[in-house]
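**Student:** Take this structure, written in structure tokens, and hold onto it; I'll ask about it next.
The values are calculated or read from the model by the stated rules, or taken from the named source; none is laboratory data. Computed from a predicted structure; not experimentally measured. We place every Cβ from the backbone using ideal geometry, glycine too, and count neighbours over all the protein chains shown.
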Amino acid sequence: MNSYIDCNKVFIDTCELGLGVFASRNIRQGEVVEYGLMIPLKNVDGNENPHLHTWSDDRKTWASSSGCLAYYNHSDDPNVQKWGDLKQNTMTVVALKNIRKGTELRSKYMSKPWRKCFQTF
């Protein structure tokens, strides 16, 4: 059976930023860490909510996410990268380097320079 959501390699725990995503086992560079569904939303503003994702090239559509996808914190030196498929409404997270069990997984927020909710860190 295929699943639209798989987050069995990660878990959410507390960190210095509040909550973050951590590896539940060792993960190899290039390995898919998590994949899940995205739910495009209407009448919301992701500039005010850090747990929403920019979900269009014109920055006007926002989406919520399944699994742990909303809890990856930012890093300028990320160990994972998120790949969004706007047509299929899915997101895949891939390891950029080898990651040890227990390590926090962080991605680079491409919208950090312009989203109000990310200006405090």
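**Student:** Take the conditions assigned to a loop (DSSP other than H, G, I, E, B), more than 14 Å from the chain's Cα centre (by Cα) and either closer than 23 Å to LYS112 by Cβ or small (Gly, Ala, Ser) (or both) and apply them to ASN47. Does it pass?
**Tutor:** yes
**Student:** Which residue out of ALA70, ALA63 is under 23 Å from ARG115 (Cα atoms) and surrounded by fewer than 20 Cβ atoms within 10 Å (Cβ to Cβ)?
**Tutor:** Answer to the selection: ALA70.
**Student:** To continue, here is another question. Which count do you get for residues in segment 30-56 that are under 28 Å from LYS9 (Cβ atoms) and out of contact with any His (no Cβ under 8 Å at 6 or more places or on another chain)? Talk me through it step by step, then tell me what you get.
**Tutor:** Of segment 30-56, the ones under 28 Å from LYS9 (Cβ atoms) are 30-41, 46, 49-55.
Next cut, out of contact with any His (no Cβ under 8 Å at 6 or more places or on another chain) only: 30-37, 39-41, 49-55.
Summing the residues that are under 28 Å from LYS9 (Cβ atoms) and out of contact with any His (no Cβ under 8 Å at 6 or more places or on another chain) in segment 30-56 gives 18.
**Student:** Follow-up. Across segment 75-93, what is the number of residues that are in contact with a Lys or Arg (Cβ under 8 Å, 6 or more places away or on another chain) and buried (at least 16 other Cβ atoms within 10 Å of the Cβ)?
**Tutor:** Looking only at that region, the number is 6.
**Student:** Where in segment 1-44 are there strands (runs of 3 or more DSSP E), lying wholly inside it, with at least 2 residues that are farther than 13 Å from SER66 by Cα and of a type outside the set (Val, Ile, Thr)?
**Tutor:** 10-15, 18-23
**Student:** Since HIS74 meets every condition but one in (1) at pLDDT 95 or above; (2) touching a strand residue (DSSP E or B) at 6+ places or on another chain (Cβ under 8 Å), which condition does it not meet?
**Tutor:** It fails just one condition, (1).
**Student:** Select from segment 33-47 the residues that are surrounded by fewer than 18 Cβ atoms within 10 Å (Cβ to Cβ) and closer than 15 Å to TYR109 by Cα and list them in ascending order.
**Tutor:** First pass over segment 33-47, keeping only residues surrounded by fewer than 18 Cβ atoms within 10 Å (Cβ to Cβ): 37, 39-45, 47.
Within segment 33-47, just ASN47 meets the criteria.
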